[in-house]
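**Student:** Quick one: this structure, given as structure tokens, is what I'll be asking you about.
The values are calculated or read from the model by the stated rules, or taken from the named source; none is laboratory data. Please read these numbers as outputs of a predicted model, since none were measured by experiment. We place every Cβ from the backbone using ideal geometry, glycine too, and count neighbours over all the protein chains shown. For accessibility, only protein heavy atoms count, side chains too; no ligands or nucleic acids. Shrake-Rupley method; radii C 1.70, N 1.55, O 1.52, S 1.80 Å.
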Amino acid sequence: MRPKEMTKAEEQVMQILWKLEKCVVNDILTHFPDPKPAYTTVSTIVRILEKKGFVSHKAYGNTHEYFPLISKEKYKNDYFKGFLKGYFSNSFTDLVSFFSKNDEIDIQEMEIIMKILKDEIKQKKGKSNG
């Protein structure tokens with residue numbers, strides 16, 4: 001089953017919630033750049049995120065304090081797995097090939113990626129031999 005995904009607006013609100021950890025709608029609004037969305041818009045997005053299972057709240061009278069139910073790391077991992085499966089047939093090789101042929105990546109970035117991969121290979125080989 002593919003994990004639930006967020007719209008761009010929902011992700012924008014979640015980025016703020018992950019940063020603040022718990023807050024009311026007005027706190028979220030203050031973190032938006034100008035022009036800020038309407039209070040009702042942000043409130044609606046938060047309630048949608050709650051229905052999707054990303055957010056919950058504690059009620060203090062008429063005030064609701066919202067907090068994430070999923071960590072940014074967990075969402076990023078689930079989202080990437082779905083992206084990899086949906087666009088690259090679950091193949092990291094296809095993903096790397098796509099990016100290596102992309103003119104947006106310069107040689108310096110490719111060298112950094114190669115170093116990261118080489119270091120990871122050394123580390124994994126060391127674990128399997130030790």
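**Student:** Give segment 46-62 a look and list any residue that's within 20 Å of K74 (Cα to Cα) and aliphatic (A, V, I, L, M), or say none. Walk me through how you get there before you give the answer.
**Tutor:** Step one: filter segment 46-62 for residues within 20 Å of K74 (Cα to Cα), giving 46, 48-57.
Within segment 46-62, V46, I48, L49, V55 qualify.
**Student:** Scan segment 101-118 and report the pairs whose first residue is part of a helix (DSSP H, G or I) and open to solvent by less than 90 Å² (accessible area, probe 1.4 Å) and whose second residue is of a type outside the set (F, W, Y) and at pLDDT below 90, with Cβ atoms within less than 7 Å and a gap of 6+ or a chain change.
**Tutor:** Pairs found: M110/S100.
**Student:** Out of K76, K81, I need the residue that is out of contact with any helix residue (DSSP H, G or I) (no Cβ under 6 Å at 6 or more places or on another chain), surrounded by 10 or more Cβ atoms within 10 Å (Cβ to Cβ) and closer than 23 Å to F32 by Cβ. Which one? Before you say what the answer is, go through the steps one by one.
**Tutor:** On the way: K81 fails: closer than 23 Å to F32 by Cβ.
Being out of contact with any helix residue (DSSP H, G or I) (no Cβ under 6 Å at 6 or more places or on another chain), surrounded by 10 or more Cβ atoms within 10 Å (Cβ to Cβ) and closer than 23 Å to F32 by Cβ holds for just one of K76, K81, which is K76.
**Student:** Give me the pairs: first residue in segment 37-55 and more than 14 Å from I16 (Cβ to Cβ) and in contact (Cβ under 8 Å) with a residue 12 or more places away in the chain, second residue in a loop (DSSP other than H, G, I, E, B) and of a type outside the set (K, R), beta-carbon distance under 8 Å, and six or more apart or on different chains, which are they?
**Tutor:** From segment 37-55, the pairs are K52/M6; G53/L69; G53/I70.
**Student:** Out of segment 20-40, which residues are out of contact with any helix residue (DSSP H, G or I) (no Cβ under 8 Å at 6 or more places or on another chain) and under 20 Å from T63 (Cα atoms)?
**Tutor:** The first filter runs over segment 20-40 and keeps only residues out of contact with any helix residue (DSSP H, G or I) (no Cβ under 8 Å at 6 or more places or on another chain), leaving 21-22, 24, 30, 33-35, 38, 40.
The answer is E21, K22, V24, T30, A38, T40.
**Student:** Sort out which residues of segment 84-100 are more than 22 Å from the chain's Cα centre (by Cα) and surrounded by fewer than 12 Cβ atoms within 10 Å (Cβ to Cβ), and write them in order of number.
**Tutor:** Answer for segment 84-100, where residues must be more than 22 Å from the chain's Cα centre (by Cα) and surrounded by fewer than 12 Cβ atoms within 10 Å (Cβ to Cβ): T93, S100.
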